Amino acid sequence: MRHALNVAIGPVSFRVGSAWRSPVAALAGLYRDYPAPADEVCDFTVRLEPEKPWRRWLRPSVAIHGDYMLPDAAPLSLAHGLLAAEMGMNLQMALGQKRFLLLHAATVERGGRAVILTGESGAGKSTLAALLGERGWRLMGDEFALLDCESGMLHPFPRAISLKNGSIEVMRKVAGEGRLGPVLEGTPKGTIRHLKPRPEAIARMTEPARPALILFPRFGADRAMRPVGAAEVFVRLTQASTNYVALASRGFDSLSGLVATCPAMAIDYPDADTAISLVEALFRELPQ
Amino acid sequence: MSRLLARILADPSACRGLEAAQWTALVTAARAESLLGSLAFRLEGEPGLPAKVVQILEAARWDSEQARTQALWEAEMARRALAGTGAPVILLKGTAIVAAGLDAGRGRSIGDLDILVPHERLDDVQRSLLEAGWEWVKEDSYDDLYYRRWMHELPPLIHRTRDRMIDVHHTILPPTARPRPDAAALIAASVALESGLRTLSPEDMVVHSAAHLFADGDLAGGLRNLWDIDRMLREFAARDPGFWPRLAERARLHQLRPTVARALRLARALYATPVDPALAGRPRLSDRFFEARLLARNGWGQPTRRALRFAFYLRSHWMRMPPLMLARHLWTKATR
């Protein structure tokens with residue numbers, strides 16, 4: 001393809017090819033500080049290309065193709081090429097990742113122990129993880145937690161954090177303008193801006209951590225918490241996994257191992273400070 | 001890149017010295033041709049592979065083991081659903097290959113379940129499948145009528161809860177195609193498996209693969225189907241010295257001798273398959289087009305040679321129907 005870039009995020013590497021320059025240029029800007037996998041074999045290939053040849057020039061529209069594809073995914077406008085690249089990489093993970101059990105969850109780490117934040121889209125886990133990442137935690141990832149089926153360890157996937165709508169301003173105040181990517185307005189998910197993780201999170205992106213706590217955060221309710229029983233945790237995590245069924249017995253074994261060893265709590269919070277204090281308190285109470 | 005993929009499948013040592021970017025392209029092309037699992041088994045134990053390649057191939061082997069388990073389970077589900085009909089149920093294509101434990105099944109990707117049953121038992125079979133939870137995929141009445149009058153299979157059915165498709169065949173080529181395979185002979189020569197399900201005889205399996213690849217369809221995914229043929233020819237010929245003459249005999253019986261000959265020549269060209277030269281016959285100029293079509297994919301996984309692909313697409317329709325019927329069919333599809 002005319003324009004191409006290799007990107008490594010944690011233990012996974014992508015080759016992103018594009019018929020246009022701008023998506024690859026934007027991606028290169030966002031991942032400039034990541035270790036370059038120039039000499040590495042890539043796990044997955046993403047192609048950003050016109051659905052029909054003339055759509056390269058005429059009302060350009062970016063179809064998201066690659067090793068794994070959704071047959072009826074809607075193309076994006078060229079202005080949203082960076083989002084297309086991100087969606088293409090997520091799609092490879094969701095459909096093609098077979099080495100790790102993939103949980104749709106954010107992860108933060110401290111002292112070698114990881115906290116998994118999972119919940120439905122819009123529960124606030126991405127923003128909460130980003131905030132924790134600015135307050136002494138290592139951000140391991142805002143989108144996917146990678147559970148190693150053999151060792152039970154969590155591997156980081158610290159891609160650039162995809163901030164949406166209101167959380168953009170929240171994070172701009174905390175992290176500053178310098179680490180934010182371009183503003184993508186009018187996407188199917190509203191306004192999006194990407195936040196580069198802190199340098200430490202990127203430098204340690206191949207360093208796994210032992211899972212220690214599972215949280216189900218929910219934004220918008222009064223401060224509350226309740227323990228979640230193992231059966232409920234298990235079922236909710238199967239729903240949060242994109243490849244649980246595909247991994248068959250390996251998926252079952254690693255997920256039951258995780259649920260058996262980690263306490264789990266549901267936490268409700270009206271604002272970010274409450275959420276952070278809840279996470280800190282629960283983490284402190286964990287047996288050493 | 002497809003040519004390199006074919007060469008490495010045939011001779012794994014050809015991967016030595018590949019650079020990182022070539023490995024990425026090879027993996028992508030193999031995924032696009034549904035051959036990554038097969039490649040993973042071929043390269044198992046190959047020394048000096050880059051660490052990342054080892055990881056990718058290991059995951060591909062796990063994945064194809066899982067595909068195999070699922071395909072065999074789906075076959076078992078069909079066996080239970082159809083046990084009451086008393087009809088012989090003959091597995092075809094990928095499921096047959098793994099159920100028979102053939103070399104070609106190592107790492108093979110498997111999509112739908114394909115079975116062959118006697119034509120006169122179609123109504124019973126259809127009723128039993130519908131009772132056991134399978135449903136029609138296409139509701140369109142033209143499609144339905146088209147399948148029933150002119151195809152070698154029922155319209156596709158999908159299982160309500162397992163979400164897996166089944167294609168029920170009564171012969172191996174559409175009745176409108178020029179060659180007329182002998183469906184009764186296919187069934188009579190079929191071989192029982194331990195489960196009670198059946199597969200075609202080894203010779204008929206090769207004939208069917210060749211027919212499916214070269215006499216029906218536009219060669220999409222053909223590199224994988226030709227790989228099946230390569231593996232089967234090697235395994236069957238090594239097992240039994242009488243294989244080649246019997247293959248010639250069955251190919252003639254099913255009116256598919258030129259098709260089988262073409263399959264042998266292309267397997268030899270792409271995978272260095274040892275074949276019976278008399279049955280393969282003299283190379284033909286058109287073999288070059290078939291070879292180019294089979295290799296029409298680049299290292300980004302993109303299809304290439306657009307015009308050639310389109311020509312083979314037209315050919316697939318031309319072979320399937322007489323001209324007047326083809327015109328009517330295309331008209332209906334274009335205007336509905």
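Computed quantities for the displayed model
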| item | result |
| --- | --- |
| Chain B - percent relative contact order, Cα under 8 Å, separation 6 or more | 18 percent |
| For chain B, built as a Gaussian network whose Cα springs stay under 10 Å, the top-fluctuating residue of B:Ala184, B:Ala248, B:Ala211 | B:Ala184 |
| Ellipticity estimate at 222 nm from DSSP helix runs (n ≥ 4, -39,500 (n - 2.57)) divided over chain B, nearest 500 | -17500 deg cm²/dmol |
| Mean-position separation - Cα centroids, segment A:168-200 and segment B:28-103, in angstrom | 44 Å |
| Segment B:174-195-segment B:271-336 distance, computed between alpha-carbon centres (Å) | 24 Å |
| Long-range HN-HN contacts of B:Asp114 with modeled amide H, under 5 Å | B:Leu92, B:Thr95, B:Asp167 |
| Cα-only radius of gyration and Dmax that characterise segment B:177-262, units Å | 12.8, 36 |
| Chain A: radius of gyration and largest Cα-Cα distance (Dmax), Å | 18.7, 61 |
| DSSP beta bridges in chain B [antiparallel fraction, %, rounded to 5] | 65 percent |
| Residues B:Thr28, A:Thr127 arranged by fewest to most Cβ contacts within 10 Å | A:Thr127, B:Thr28 |
| Charge dipole of segment A:45-109 about the Cα centre (unit charges at C-beta), most positive-ward option of A:Ile64, A:His80, A:Pro50 | A:Pro50 |
| Column: log10 I(q)/I(0), Debye, Cα scatterers of segment A:86-220, q = 0.13 Å⁻¹ | -0.51 |
| Pairwise centroid distance, computed over Cα atoms, of segment A:1-50 with segment A:212-235, Å | 36 Å |
| Cβ-Cβ FRET estimate between B:Asp124 and B:Leu279, R0 fixed at 41 Å, reported to 0.05 | 0.60 |
| Amide hydrogen neighbours beyond the local backbone of A:Gly141, cut-off 5 Å, H modeled | A:Thr107, A:Phe157 |
| Estimated FRET transfer efficiency (A:Glu232, A:Thr274; beta-carbon r; R0 22 Å; 0.05) | 0.40 |
| Antiparallel content of DSSP bridges confined to segment A:3-96, in %, to 5 | 70 percent |
| Per residue Cα convex hull volume in Å³ - calculated over segment B:2-335 | 145 Å³ |
| Counting DSSP beta bridges with both ends in chain A, the antiparallel % (nearest 5) | 70 percent |
| Dipole-positive endmost among B:Gln126, B:Leu102, B:Thr85 within segment B:58-131 (Cβ charges, Cα centre) | B:Leu102 |
| Over 30 Å between alpha carbons, listed pairs A:Lys52/B:Lys333; A:Lys52/A:Lys189; A:Lys52/B:Lys52; A:Lys189/B:Lys333 | A:Lys52/B:Lys52; A:Lys189/B:Lys333 |
| Ranked list, fewest to most other Cβ atoms within 10 Å of each Cβ, for B:Trp244, B:Trp134 | B:Trp244, B:Trp134 |
| log10 of Debye I(q)/I(0), alpha-carbon scatterers only, for the protein assembly as shown at 0.10 Å⁻¹ | -0.99 |
| Of A:Lys164, A:Lys125, A:Lys189, the one that fluctuates the most in a GNM where chain A has Cα springs shorter than 10 Å | A:Lys189 |
| Residue with peak Gaussian network fluctuation, chain A [Cα springs, cutoff 10 Å], from A:Lys173, A:Lys196, A:Lys98 | A:Lys173 |
| Segment B:73-140: GluC sites (Glu not before Pro) in DSSP loop, at most 11 other beta carbons within 10 Å | B:Glu139 |
| Magnitude of the charge dipole, chain B, Cβ model with Lys/Arg +1 and Asp/Glu -1, debye to 20 | 1260 debye |
| In nm, spacing of pseudo-spin labels at B:Ala10 and A:Glu207 (7 Å Cα→C-beta vector) | 5.0 nm |
| Cβ-Cβ FRET estimate between A:Lys173 and A:Asp33, R0 fixed at 22 Å, reported to 0.05 | 0.55 |
| Geometric extent, Cα atoms of segment A:1-148 - Rg, Dmax (angstrom) | 16.3, 54 |
| Within chain A, helix-based [θ] at 222 nm, where runs of 4 or more DSSP H residues each add -39,500 (n - 2.57), nearest 500 | -10000 deg cm²/dmol |
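Every number here is computed from the coordinates shown, using simple stated rules; none is lab data. On a predicted model such as this, the values are computed, not experimentally measured, just so you know. Note that we place each Cβ from the backbone using ideal geometry, even for glycine, and neighbour counts take in every protein chain shown.
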